[in-house]
Amino acid sequence: RKYLRKIGHHLDPIVIIGKQGMTDMLVRAVHDALEHHELVKIRFNDFKDEKRDLTGEIERRTGSQIAGIIGHVALLYKRQQDDEKRKIVFPER
């Protein structure tokens with residue numbers, strides 16, 4: 001998680017949760033972004049008090065993992081199944 005938070009620090013939010021909250025379209029947008037980028041920032045402009053619950057629901061519905069929540073921004077990670085499309089390679093310990 002520490003490594004993901006480090007490389008995710010400079011990313012801009014790709015998905016923004018606004019007045020409509022969590023919709024099927026929003027979940028699809030997060031899923032598509034994860035397929036393309038592997039690491040995605042989600043910004044909460046609304047529903048800030050429910051951000052942990054909503055992030056957990058998005059995590060469950062997209063098959064991703066929460067790398068962190070800082071302020072009103074959540075960072076989600078989902079490993080790309082195709083080795084050739086994989087962008088994030090974890091360092092050796």
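The values are calculated or read from the model by the stated rules, or taken from the named source; none is laboratory data. Keep in mind the model is a prediction, meaning the values are calculated, not measured. Quick reminder, even Gly has a Cβ in these numbers, built from the backbone with ideal geometry, and neighbours come from all protein chains shown. These accessible areas exclude ligands, DNA and RNA; they are computed on the full protein's heavy atoms, side chains included. Shrake-Rupley method; radii C 1.70, N 1.55, O 1.52, S 1.80 Å.
Worth pointing out:
- Condition met for residue 57 (part of a helix (DSSP H, G or I) and closer than 23 Å to residue 81 by Cβ): yes
- Boolean, residue 32 is loosely packed, with under 15 Cβ neighbours inside 10 Å, acidic (Asp, Glu) and farther than 26 Å from residue 93 by Cα: yes
- Residue satisfying all of: in the stretch 42-77; open to solvent by 70 Å² or more (accessible area, probe 1.4 Å) and of a type in the set (D, E, K, R); nearest to residue 7 (Cα to Cα) among these: 43
- When residues of the stretch 67-92 are limited to those that are touching a Phe, Trp or Tyr at 6+ places or on another chain (Cβ under 8 Å) and without any contact (Cβ under 8 Å) to a residue 40 or more places away in the chain, the one farthest from residue 33 (Cα to Cα): 72
- Set 80, 20: member being surrounded by 15 or more Cβ atoms within 10 Å (Cβ to Cβ), of a type in the set (S, T, N, Q) and at pLDDT below 95: 80
- Checked against (1) out of contact with any Gly (no Cβ under 6 Å at 6 or more places or on another chain); (2) open to solvent by less than 40 Å² (accessible area, probe 1.4 Å), residue 39 passes all but a single condition, namely (1).
- Where a residue in the stretch 17-28 is within 13 Å of residue 62 (Cα to Cα) and its partner, wherever it lies, is in a helix (DSSP H, G or I), with Cβ under 6 Å and at least six apart: 22/54; 27/61
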